[in-house]
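Comments concern the structure below.
Read-outs throughout are calculated quantities, based only on the coordinates presented, and are distinct from any laboratory measurement. Treat the numbers as computed from the prediction; the structure is a model and nothing was measured. For neighbour counting, all protein chains shown are included, and Cβ atoms are generated from backbone atoms with ideal geometry for every residue, glycine included.
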Amino acid sequence: MNHAKPFLKWAGGKRQLLNEIEKNLPPDISKTRQIDLYIEPFVGGGALLFYLLSNYSVKKSIINDINPDLILAYKIVKLYPEDLIKKLKIVKKEYLSLPYEERKEYYYNNLRNKFNELKINYSKPDTKLSIEKVALLIALNKTCFNGLYRQNNKGEFNVPIGRYKNPRILDEENVRRASTVLKNTQIFYGSYDSIKIPKEPKTFVYLDPPYRPLTAVGFTKYSKEDFNDKDQKQLAGYYKKLNKDRHYLLLSNSDPKDKFFDTLYKGFNIERVSAKRYINSKANGRGNINELLIKNY
Ligand SMILES: C[S@@+](CC[C@H](N)C(=O)[O-])C[C@H]1O[C@@H](n2cnc3c(N)ncnc32)[C@H](O)[C@@H]1O
């Protein structure tokens, strides 16, 4: 099988949690290692998506996210891996040949400003511009501070340069593998509740929304929109609606002290698992914390 992994670092990435998630897959899927339809409405970097596509027999999948640049990246990786690799090879060569001070200039002018100036019509994207935009997104993601994706209120990517000696701007083989495993994946941009979930049996829906912050200053801003308690409650309503359609549902979230999710998902199966977290830039945001896996099976 083709082993692909996420081609972007993404806040809330689930690589540290894959073991625990695998232990908590629907029993039917664990036994047969087959999934007829896999759906991930908040795909982010897609750690579980790539793991399942690489290690299970997944007939079809549907992914979605509200971040248009991220979704454009999935489409370009799927359809134009070689053109993307060509572009990234040039950036990689130029960037790595520079000393740190000059890399800074390159980062702000040739990557970040260019990325922000390159406007895409997301509903009808031009292929050539999209390949350029995605190459810049990947290069920024690998060279910026902590691999964050953050925008100011004008919608501009505003993360500063990170301090990497030898950033991995291009993993050529992984781009090719990702492209191959995505061949039966439909890719959508929008809010999670805008995707049509077919009533096919054995559909497995994994929901990984922005985490409810453990403290008031937690990181939940992925795009211009926030995901607050009201959104978490709406999502629970959506979960209950899908539950009626008898899909397999797995949702992950943080484990806040006030038992917010125990109340919201009363009657479902709530597992507490331990995970390493790296995205928080404060020292006390690292280390092992509990996360919740909420199942309807
Ligand atoms: C916790 S991350 C998912 C991380 C992912 N599982 C991974 O392994 O990288 C949450 C994602 O939800 C997206 N998002 C936020 N609000 C959304 C909404 N209303 N509908 C769909 N996606 C949304 C964010 O852009 C972000 O990529």
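Taking GluC sites (Glu not before Pro) as exposed when DSSP calls them loop (any state but H, G, I, E, B) and at most 14 other Cβ atoms lie within 10 Å, what is the longest stretch of the chain free of them, the sites themselves excluded? Counting only loop sites that pass the neighbour cut-off, the longest clear stretch is 1-155.
In straight Cα distance, which lysines are under 18 Å from Lys142, not counting same-chain residues fewer than 8 positions off? By straight Cα distance, Lys142 reaches Lys5, Lys9, Lys14, Lys86, Lys87, Lys89, Lys92, Lys93, Lys104, Lys114, Lys133, Lys165. A Förster radius of 25 Å, combined with the Cβ-Cβ distance separating Glu102 from Phe145, puts the computed FRET efficiency at roughly 0.85. Remark: spin-label model distance Glu82-Lys114 equals 2.3 nm, labels positioned 7 Å along the Cα→Cβ axis.
Per the Kirkwood formula applied to alpha carbons, the chain shows a radius of gyration over Rh ratio, Rg over Rh, of 0.96. Helical runs assigned H by DSSP (4 residues or longer) give the chain a calculated mean residue ellipticity at 222 nm of -10500 deg cm²/dmol, each run adding -39500 (n - 2.57) before division by the residue total. When peptides 145-151, 235-241 are sorted by average Cβ neighbour count within 10 Å, with the highest value leading, the order is 145-151, 235-241. Annotation: peptides 60-70, 194-204, ranked by per-residue average of other Cβ atoms within 10 Å with the highest first, follow the order 60-70, 194-204. Principal axis extents of the Cα atoms in region 71-175, from largest to smallest and rounded to whole angstrom, are 38, 36, 19.
Among beta bridges from DSSP that stay inside the chain, the antiparallel ones total about 45%.
Do any trypsin sites (Lys or Arg not before Pro) in region 98-145 lie in a loop, going by DSSP, with at most 14 other beta-carbon atoms within 10 Å of their beta carbon, and if so which? Counting only loop positions with at most 14 other Cβ atoms within 10 Å, the trypsin sites (Lys or Arg not before Pro) in region 98-145 are Lys119. Using equal-weight Cα scatterers in the Debye expression, the normalised intensity of region 12-102 in log10 at q = 0.11, 0.12 Å⁻¹ is -0.46, -0.53.
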